[in-house]
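Taking it in order: structure first as structure tokens, then the write-up.
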Amino acid sequence: MSKNFLKVYMCIVVLILFSACAPKNIEKVKIVIPPPPNEPKVFYETSYRGDSSFATRSALDAFIGEEISFTNINLVKPYGVAAFGDSIYVSDTARAAVFDIDEKLKKVSLIGAGSPGKLSLPVGIAVGDEGNIYVADSKSSSILVYDKNKNFLNAFGGRLELARPTGISINNKDKILYVVDTKAHNIKAYSLAGKLLFTFGKRGVEESEFNFPTNIAVDRRNGNLAVVDTQNFRVQVFDKDGNFIRKFGKLGDRQGMFARPKGIGIDSDGNIYVSDSAFNNVQVFNDEGELLIFFGSSGNQIGQFSLIAGLHVDKYDRIYVVDSFNRRVAVYQYISEPWKKHNPIKYKELKEI
């Protein structure tokens, strides 16, 4: 399926619909990538800012804008994102907490805002199949674990093992948690109970070497790892044991190149999504590292980003992109063959926009 992607520049079709009384994220926008008459591959679903996303206000209020403050449970400086069940988990470095945005219940709560398990500088997030939530806290150099009810369970790592943990991801099949240690320029693999299993990588520019890596994603098909090697301006791919497979990308301002790569995710077809905070876009590559499409640009409108950060693709191929300075998480959907079969009416609508 991924081989049929079209190599295009950032192309979108936008239709903005306002109503007199709608959710505060009334951005009812239809963005299809690439635009008709091409076969659609990705479309925009919605955005979340916090509890204001589930309230109502007038179209005039929405146009004027909302003043975000610490008195509301709204995102201030989001970075990492993960999704499980009905919840979208977003780390907020200014709040020093993780947001649990429940799409079904339409409510927002905080994780790690108080003791025990108080967070200092939450960055990466991952969720295990059992619902436990793992958070990388860069300031305490630890991984903090909470159960599905947001109760603190334990912490592991610490300054004797981790210098500055950032991105994390879980291989749920083999029960391995991978932690990007940015300051140590390596990747550490832990059991879900917190035992250090192995480490790979060191500082450098050669294969299997890193220069301030930031984020990581696990390919659910085979357990392969895609690591954002940020200051080497590339992505490196490894097997689950840390053996090098391939690399792609280099410094530049053309498609397929990177300037400040940050977030990363992998869909069910093995396509790799990489967010770049310099370009404020998401580039999509196949599993061989060939550029397929990209979307996004700088700005504050829907379909645009300002200091794009973390990225996550869930098992249903929903794509979550952290739009940090715009204080929101944008949600897109990859149109896989299974998605088409389960959503024939929606798929027809997308082709007819």
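The values are calculated or read from the model by the stated rules, or taken from the named source; none is laboratory data. Source: prediction; values computed, not measured. Because the Cβ atoms are built from the backbone with ideal geometry, glycine has one as well, and the counts that use them run over all protein chains shown. Side chains are part of the model used for accessible areas, which takes the heavy atoms of the whole protein and leaves out ligands, DNA and RNA. Shrake-Rupley method; radii C 1.70, N 1.55, O 1.52, S 1.80 Å.
Annotation: amide H of I319 within the under-5 Å range of Y332, Q333, Y334, sequence separation 5 or more or interchain, hydrogens built in the peptide plane.
What whole-number volume per residue, in cubic angstrom, does the convex hull of the C-alpha atoms of the range 169-282 give? Walk me through the intermediate numbers first.
On the way: hull volume 10.5 nm³, N = 114.
Measuring per residue, one finds 92 Å³ for the Cα hull of the range 169-282.
If you filter the range 76-129 for trypsin sites (Lys or Arg not before Pro), then keep DSSP loop positions with at most 13 other Cβ within 10 Å, what is left?
Working: sites: R95, K104, K106, K107, K118; in loops: R95, K104, K106, K118.
Sites meeting the loop and neighbour criteria: K104, K106.
Given the chain, what percent of its DSSP beta bridges are antiparallel, to the nearest 5? Before the final figure, lay out the partial values.
Working: 93 of 97 bridges.
The antiparallel proportion sits near 95 percent.
Per residue, the chain exposes 43 Å² of accessible surface when a 1.4 Å probe is rolled over the protein heavy atoms with every protein chain present.
Just the C-alpha atoms of the range 291-353: what Rg/Rh do they give, with Rh taken as the Kirkwood radius? Walk me through the numbers on the way to the answer.
Numbers: Rg = 13.5 Å, Rh = 13.1 Å.
My calculation of the ratio gives 1.02.
Take the Kirkwood radius over Cα pairs of the range 202-353, plug it into Stokes-Einstein at 4 °C and 1.567 mPa s, and you get 82 µm²/s for translational diffusion.
Heavy-atom accessible area for I345, with the other protein chains in place and a 1.4 Å probe, reaches approximately 120 Å².
Projecting the alpha carbon convex hull of the chain along each direction and taking the average yields 16.3 nm². Per residue, the convex hull around the alpha carbon atoms of the range 40-199 comes to 146 Å³.
Dividing the convex hull volume of the alpha carbon atoms of the range 261-331 by its residue count, what do you get in Å³ per residue?
Working: hull volume 4.9 nm³, N = 71.
Value for the range 261-331: 70 Å³ per residue.
Quick one: which of 293-306, 73-86 comes out on top by average Cβ neighbours within 10 Å, and what's the full order, highest first?
Details: 293-306: 18.8, 73-86: 21.9.
Sorting 293-306, 73-86 by mean packing, highest first, produces 73-86, 293-306.
When only alpha carbons are used to place a centre, the range 78-116 and the range 236-294 end up 26 Å from one another. Note on E207: accessible area approximately 100 square angstrom, rounded to 10, probe 1.4 Å, nucleic acids and ligands left out.
Counting only protein heavy atoms, what percent of the accessible surface of the chain is carbon or sulfur at a 1.4 Å probe? The partial results should precede the final answer.
Working: 7670 of 15040 Å².
Its accessible area is 51 percent carbon and sulfur atoms.
Ignoring lysines fewer than eight residues from K351 along the same chain, the ones with Cα atoms less than 20 angstrom from its Cα are K3, K7, K28, K30, K41, K340, K341.
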